[in-house]
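The values are calculated or read from the model by the stated rules, or taken from the named source; none is laboratory data. These figures come from a predicted structure and were not determined experimentally. Cβ: placed from backbone, ideal geometry, glycine included. Neighbour counts: every protein chain shown.
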Amino acid sequence: MKFYGYEKDNERLMKLSEVTFDGTLEELEDLINFLKNVQEEHTKVVKKTDICHSHFRDWSDKWNKEDSDFIVVTRF
């Protein structure tokens, strides 16, 4: 498993050595539910595509522009 990210206002993708989640218990529950949903949805496209990705910002109706997006990429 690898984690990548961007510096604020920078387009250069970089590999991260550590990721910190800084949020509330409610936000953690939302992230867990998002990951469960991603697992279900990405499982549906196994053998139909080589790669699939999902954005937390597209999934959550609570997400706003000041928050970080969380993107899950699955390679098959």
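Here is a check on your reading of the model: is residue 68 of a type outside the set (D, E, K, R) and assigned to a loop (DSSP other than H, G, I, E, B)?
Details: of a type outside the set (D, E, K, R): yes; assigned to a loop (DSSP other than H, G, I, E, B): yes.
Here the answer is yes, as residue 68 does meet what is asked.
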Residue check: is residue 38 assigned to a loop (DSSP other than H, G, I, E, B) and either modelled with pLDDT of 95 or more or closer than 18 Å to residue 3 by Cα (or both)?
-> no
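Could you check the range 46-76 and list, in sequence order, the residues that are among the aliphatic types (A, V, I, L, M) and without any contact (Cβ under 8 Å) to a residue 24 or more places away in the chain?
First, pick out the residues of the range 46-76 that are among the aliphatic types (A, V, I, L, M): 46, 51, 71-73.
Residues satisfying the conditions are 71, 73.
Let's see how each residue does on (1) among the basic types (Lys, Arg); (2) surrounded by 11 or more Cβ atoms within 10 Å (Cβ to Cβ):
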| site | (1), (2) |
| --- | --- |
| 19 | no, no |
| 23 | no, yes |
| 26 | no, no |
| 29 | no, yes |
| 37 | no, yes |
| 41 | no, yes |
| 45 | no, yes |
| 51 | no, no |
| 75 | yes, no |
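Got at least one residue in the range 17-24 being outside any loop (DSSP other than H, G, I, E, B) and at negative phi? Spell out how you get there, then give the answer.
The initial filter retains those residues of the range 17-24 that are outside any loop (DSSP other than H, G, I, E, B), namely none.
Within the range 17-24, none of the residues are outside any loop (DSSP other than H, G, I, E, B) and at negative phi.
In the set 47, 62, which member is of a type outside the set (Val, Ile, Thr), at pLDDT below 95 and in contact with a helix residue (DSSP H, G or I) (Cβ under 9 Å, 6 or more places away or on another chain)? It would help to see each step written out before you state the result.
On the way: 47 fails: in contact with a helix residue (DSSP H, G or I) (Cβ under 9 Å, 6 or more places away or on another chain).
It is 62.
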Output the residues belonging to the range 41-65 that are in a helix (DSSP H, G or I) and closer than 22 Å to residue 6 by Cα.
-> 56, 57, 58, 59
